[in-house]
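Trainee: Input: one structure, supplied below.
No value in this document is a laboratory result; all are computed from the given coordinates. What you are looking at is a predicted structure, and each value in this text was computed from that prediction instead of being measured. FYI the Cβ positions are ideal-geometry reconstructions off the backbone, even for glycines, and counts take in every protein chain you see.
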Amino acid sequence: MSVENIATPSALSFPYPAPPHQGGTLQIAPGIHWLRMPLPGRLDHVNLWILEEADGWTLVDCGLNNQTTASVWAALFDGMLSGRPVKSIIVTHAHVDHVGYLGGLIERTDAPLIMTITEYLTVALRMFETPERMAEQSLLTISRCGTPPEETESMIARRRDVRGTYSGIPPHYTRAIAGHPIVAGGRLWQVATFGGHSPEMLTLFDPVDQILIAGDQVLTQITPSINVSPTEPSGDPLSIFYESFAPLKALPAETLVLPSHGMPFYGLQARIDQISDHHDQRLDKILGFVEGDPTSYEIALKTFERAMATTAARQALAETLAHLHYLQKQGRVTSYEDASGIVHYRRP
């Protein structure tokens, strides 16, 4: 997620006064149950969705791979989910709070997995890529940013250890494709996919009851993190994220948004406008720091002063890069590489 919160616009309305307790569920529409899965840290939860079938259940997202998640699911299988099988598991994207416990659920249910191809392959790559290769990718990107050598190891270590955050992925899956509907929970869901936060984020929209399972693409109080990935060091994910706004805003104004973090809400168009404004302001702020040919690390220190002093430093640096690459694509900044391979930015 983003290293900073943004305010919730007053145009949003919240139909549920409180979330279910951590690890608990709440039915929010016929056949749709909201599961509040605990997370460690400041972002203390991820919203998962349980869709009720005539003869079973469909699960949307899985939670982290840890003992807390395992205990929550075990209690659900002994309680609410007991007596009927899980018919399928839908995963919105490859981030660990959504897919980390997938292996544990597959082992228990043997249910078929539904994902987009890019997100499935991303998990598979993370599962089988060597820690050394992942560290090498991070080192190259971080070093080009001008990160001091004494700070690179802590940034690299968090990515080197990422394999342990996944519990597994099955060798087969069913591919979700934009424009190809999915039947789940007695509803015909329209499938759309978006990038920026993740390469091919899956969202589900029920046009009858106007319900959007939004994944991380639209959130209530924070913007999804838009990061340059070490595997794509010259990527421009912010442009891709901006491209998602128009099709989402075209959904009905009465759409109930079910985000992966925060409270379900009405007011999709207002929320997208605010997220767009937030990134516009961030771009202007970063542009103001492009004085004296700084590195992206130096700009990140000014843009995310608090985050750069924490374990979120790598994420803050990656967000800074995403905004710089967007500015560069627009022609508002240029870059050059010095003799040591460090990239500097300047205004044209």
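Trainee: Per-residue ellipticity at 222 nm for the chain, helices alone: DSSP H runs ≥ 4 residues times -39500 (n - 2.57), over residue total, nearest 500 deg cm²/dmol? Please list the in-between numbers first.
Mentor: Working: 11 runs with 120 residues, N = 348.
Using -39500 (n - 2.57) per qualifying helix, the result is -10500 deg cm²/dmol.
Trainee: Using 0.36 nm per residue of separation minus the Cα-Cα distance, give me the extension gain between residue 232 and residue 130 in nm, one decimal. Provide the component values of the computation, followed by the final result.
Mentor: Details: separation 102, 0.36 × 102 = 36.72 nm, distance 1.72 nm.
Between residue 232 and residue 130, full extension yields 35.0 nm more.
Trainee: Continuing with this model, one more query. Below 8 Å between Cα atoms, with a sequence gap of 6+, how large is the relative contact order for the range 25-281 in percent?
Mentor: Result for the range 25-281 is 15 percent.
Trainee: Going by the alpha-carbon gyration tensor, a ≥ b ≥ c the square roots of its eigenvalues, is the range 25-281 rounded (a/c under 1.5) or, if a/c is not under 1.5, prolate (a/b greater than b/c) versus oblate? Working shown, then result.
Mentor: Details: a/c = 1.84, a/b = 1.24, b/c = 1.48.
Judged from the Cα gyration tensor, the range 25-281 comes out oblate (a/c at least 1.5, b/c at or above a/b).
Trainee: Also, quick follow-up: Distance from the Cα centre of the range 98-165 to that of the range 77-93, in angstrom?
Mentor: The distance from the Cα centre of the range 98-165 to that of the range 77-93 comes to 26 Å.
Trainee: Taking amide H positions as placed 1.01 Å from N in the peptide plane, with prolines and chain starts having none, which residues 5 or more places from residue 146, or on another chain, fall under 5 Å of its amide H?
Mentor: 343
Trainee: Which lysines does residue 329 reach when only Cα atoms under 27 Å apart count, and residues fewer than 8 places away in its own chain are ignored?
Mentor: Straight-line reach from residue 329, under 27 Å: 249, 285, 302.
Trainee: For a quick check of your reading of the filter: which trypsin sites (Lys or Arg not before Pro) in the range 264-348 sit in a DSSP loop and have no more than 12 other Cβ atoms within 10 Å?
Mentor: Filter output for the range 264-348: 306.
Trainee: Would you please state which residues of the range 106-122 a label at residue 162 would reach in this model, taking the label point 7 Å out along Cα→Cβ and a backbone N cut-off of under 14 Å?
Mentor: 119-122
Trainee: Is there a quick way to get the dipole size of the range 25-281? I mean about its Cα centre, with the Cβ of Lys and Arg at +1 and of Asp and Glu at -1; what is the value in debye to the nearest 20? List each step's numbers first, then the result.
Mentor: Details: 16 positive and 28 negative charges, 63 e Å.
Value, rounded to 20: 300 debye.
Trainee: Then there is this: May I ask you to list the chymotrypsin sites (Phe, Trp or Tyr not before Pro) in the range 273-348 that are in a DSSP loop and have at most 16 other Cβ atoms within 10 Å of their Cβ?
Mentor: Numbers: sites: 289, 297, 304, 326, 336, 345; in loops: 289, 304.
Passing both the DSSP loop test and the Cβ count: no residue.
Trainee: Still on this structure: Report, in debye and to the nearest 20, how large the dipole of the range 203-348 comes out about its Cα centre when Lys and Arg carry +1 and Asp and Glu carry -1 on their Cβ.
Mentor: On the way: 11 positive and 18 negative charges, 52 e Å.
For the range 203-348, the charge dipole is close to 260 debye.
Trainee: Sticking with the crude label model, points 7 Å out along Cα→Cβ, report the distance from residue 277 to residue 180 in nm, one decimal please.
Mentor: About 4.0 nm, to one decimal.
Trainee: Could you pull out the trypsin sites (Lys or Arg not before Pro) across the range 1-109 that fall in loop regions by DSSP (anything but H, G, I, E, B) with no more than 15 other Cβ atoms inside 10 Å? Don't skip to the end; give the middle numbers.
Mentor: Working: sites: 36, 42, 87, 108; in loops: 42.
Here the sparse-neighbourhood loop sites are 42.
Trainee: Same structure, new question: Measuring from centroid to centroid over Cα atoms, what is the spacing of the range 247-281 and the range 204-240 in Å?
Mentor: For the range 247-281 versus the range 204-240, the Cα centre distance is 11 Å.
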